[in-house]
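To start, the structure under review is shown below, and the notes come after it.
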Amino acid sequence: MGASFDPRLTYPVGLDQPREQGCQKPCSIFPDQEGMMTHWAPFFLLTMTGAAVLAAPANAARATDPLAGYYGNTMICAGGQTGNDLCHLWLERDGTMVNIDPSGIHKGHYTRGPKRRDGKVPICLFYDTSDMVIPAEAMAPPPGMAGKPPPPMPKGGVICTIRNFRSTCTIHESEEGLDPAQRERLHMTIAARFHTGMCYPLPAAQPGKSWYEEDDPMPSQNGIDKVFLVKGHR
């Protein structure tokens, strides 16, 4: 900044200047490579500077994005108490996602809320469909149960709601006192629950980091997840 350049260098000598004004060599437009670089250097400089200025905001946004470490990598979540493998989540920069959970492989999208006071960014996951893709072997009845009627559906369950990019899930022991819409949500499958949206807070992280997340909205595992961020898609 502050440096000046001769405005005569902004055009090839010989086009807009008389030959006798500063022309030491033949004044054709590009007499040689040296002449081309001499006369067009300001154009190259301005073009490169402009490109750098345009790229700077995008690069800065990527550098300050708390979720940048998740893009192209895998977040693995496990039960905080049992250690059961519960999810393999792939977040992409364009807002799409893939989650592999006990009910199958699910594509979808996510929305993100404003950064919280604790530095975490809440994201809400939405599966494209509520379909469950469960392997056939997982549908086989337990030993000794073949030919017997399935056990009755539990009367209780969990109802989850979203407010301000935060999911809150509560246990209900029965359907008593619930309206028809609440009763339907009470018995939602995992995939159906995520189809309507589930929100989780994520800290800024890079592959190789692991942590305990104590803000899991689901009441199982005492609301605690063990989380790993690993490089690539797993």
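Annotations for the structure displayed:
- Between Glu176, Glu214, the distinction of being more than 16 Å from Gly69 (Cβ to Cβ), touching a helix residue (DSSP H, G or I) at 6+ places or on another chain (Cβ under 8 Å) and exposed (fewer than 14 other Cβ atoms within 10 Å of the Cβ) belongs to Glu214 only.
- Test: residue in the stretch 165-178 that is under 22 Å from Gly95 (Cβ atoms), modelled with pLDDT of 90 or more and among the β-branched types (Val, Ile, Thr): no
- Count of residues meeting criterion [open to solvent by 80 Å² or more (accessible area, probe 1.4 Å) and within 14 Å of Phe194 (Cβ to Cβ)] in the stretch 80-108: 3
- Failed criterion for Thr170 (all others in (1) farther than 23 Å from His109 by Cβ; (2) surrounded by 14 or more Cβ atoms within 10 Å (Cβ to Cβ) hold): (2)
For (1) closer than 21 Å to Pro203 by Cβ; (2) touching a residue at least 40 places away in the same chain (Cβ under 8 Å), each residue gets a yes or a no:
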| residue | (1), (2) |
| --- | --- |
| Met75 | yes, yes |
| Ala78 | yes, yes |
| Glu92 | yes, no |
| Ile105 | no, no |
| Gly113 | yes, yes |
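- Residues that are in a helix (DSSP H, G or I), without any contact (Cβ under 8 Å) to a residue 40 or more places away in the chain and open to solvent by 60 Å² or more (accessible area, probe 1.4 Å) within the stretch 182-211 comprise Gln182, Arg183, Glu184, Arg185, listed in sequence order.
- Counting the residues of the stretch 61-79 that are hydrophobic (A, V, I, L, M, F, W, C), at pLDDT 90 or above and in a helix (DSSP H, G or I) gives 1.
- So Gly147, is it modelled with pLDDT under 90, in contact with a helix residue (DSSP H, G or I) (Cβ under 9 Å, 6 or more places away or on another chain) and open to solvent by less than 100 Å² (accessible area, probe 1.4 Å): no
The values are calculated or read from the model by the stated rules, or taken from the named source; none is laboratory data. Predicted model only: the values in this text are computed from it and were never measured. All Cβ positions, glycine included, derive from the backbone under ideal geometry; neighbour counts span all protein chains shown. The accessibility values were calculated without ligands, DNA or RNA, using every heavy atom of the protein model including side chains. Shrake-Rupley method; radii C 1.70, N 1.55, O 1.52, S 1.80 Å.
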